[in-house]
Amino acid sequence: MLTHQREQGIVDRVRAAGSVTVEELSALFDVSGTTIRRDLERLELAGSVRRVHGGATVPEAPGDELEDRDADAGEKRTIAAATAGLIRDGDVVLLDIGHTTLALARHLRDRPVTIVTNNLWILRVLGDDPACTLILLGGAVGSKPGTVSGPLTEQMLALIHADVAVISSGGVLPDGSVVTDLNQEATIKHRMCRAADRTILVATSLKFPGDGAFQIASLQDFDVVVTTPGSGAATLGSAVGQGTRVVIAE
């Protein structure tokens, strides 16, 4: 059976049963669980199924599967709207992974910008936008759904010169360290910063201090920080003293 035939069979099974397990699909199509998981990754990106732990289920309403349900989801949308105002028409924009950058991509629809990203979910948002040029970075599918990273991603970033990079993080520590929870992510984020003329950090109040073991940069390394009320005043004040602009989105 060809790959596209198996994937169509998976979709048909999910629609008929409502949900299926990897083990069930593996037995049904006589392929390994690894093959089924890869099929499900592609089908989720296409919007045909929604992956859950151990299997897949029917997709939610269009766009719902991309919605952020974290406690600070509203803050992320507010930050995204404010950040969109800092991007000029014609800019080449590096967009990092994360729900805030995904929300920003929605605000950049119908604008003449070039988006370069390792966030595969952004393809769902901007893939059909005639005004925007979308460039997806290559690499290995990351440990977080819908992301790519690794040496190939780094090599592509070495060829990019962007006007602005928009970076998310796991947290901003009191000493100003901007951190994330995966070493490979920290490397990609750092390289995005190096590839851009301007850098913007997007971080909700819950990211102060947040958490993460791997440093991306220091707060003062960013040209702009877009955050929300209640963020670490002392930490932000120190960065402002060293030339970083802070935008409080409300």
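Computed quantities for the displayed model
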quantity: Close pairs (9 angstrom Cβ cut-off, 6 or more residues apart or separate chains): assigned by TED's automatic domain parsing to the domain that holds G230 and farther than 29 Å from P209 by Cα in the stretch 148-174, assigned to a loop (DSSP other than H, G, I, E, B) and among the polar types (S, T, N, Q) anywhere; calculated: M156/N118
quantity: Flag if L236 is buried (at least 16 other Cβ atoms within 10 Å of the Cβ), in contact with a helix residue (DSSP H, G or I) (Cβ under 9 Å, 6 or more places away or on another chain), assigned by TED's automatic domain parsing to the domain that holds T78 and assigned to a strand (DSSP E or B); calculated: no
quantity: Tally, over the stretch 128-149, of residues that are of a type in the set (S, T, N, Q), in contact with a Leu (Cβ under 7 Å, 6 or more places away or on another chain) and modelled with pLDDT of 90 or more; calculated: 0
quantity: Selected residue (criterion: nearest to I115 (Cα to Cα)) from residues of the stretch 187-203 that are part of a helix (DSSP H, G or I) and hydrophobic (A, V, I, L, M, F, W, C); calculated: M192
quantity: Residues satisfying the stated conditions in the stretch 106-152, i.e. surrounded by fewer than 16 Cβ atoms within 10 Å (Cβ to Cβ) and among the small types (G, A, S); calculated: G127, A131, G138, A140, S143
quantity: Residue in the stretch 45-59 that is in a helix (DSSP H, G or I) and surrounded by 15 or more Cβ atoms within 10 Å (Cβ to Cβ) present; calculated: yes
quantity: Test: residue in the stretch 146-159 that is touching a Phe, Trp or Tyr at 6+ places or on another chain (Cβ under 8 Å) and closer than 22 Å to E44 by Cβ; calculated: yes
quantity: Filter result for R42 (at pLDDT 90 or above and out of contact with any strand residue (DSSP E or B) (no Cβ under 9 Å at 6 or more places or on another chain)); calculated: no
quantity: Scan of the stretch 204-222 for residues that are assigned to a loop (DSSP other than H, G, I, E, B) and among the polar types (S, T, N, Q), ordered by number; calculated: T204
quantity: Selection status of V225, part of a strand (DSSP E or B), of a type in the set (A, V, I, L, M, F, W, C), closer than 23 Å to T78 by Cβ and at pLDDT 95 or above; calculated: yes
quantity: Of the criteria (1) among the hydrophobic types (A, V, I, L, M, F, W, C); (2) at pLDDT 95 or above; (3) under 20 Å from D129 (Cβ atoms); (4) out of contact with any His (no Cβ under 7 Å at 6 or more places or on another chain), which one A84 fails; calculated: (4)
quantity: Top-ranked residue in the stretch 175-187 [being buried (at least 19 other Cβ atoms within 10 Å of the Cβ) and modelled with pLDDT of 95 or more; ranked as farthest from L236 (Cα to Cα)]; calculated: V179
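The values are calculated or read from the model by the stated rules, or taken from the named source; none is laboratory data. Note that the structure is predicted; figures quoted are calculated from it, not measured. All Cβ positions, glycine included, derive from the backbone under ideal geometry; neighbour counts span all protein chains shown.
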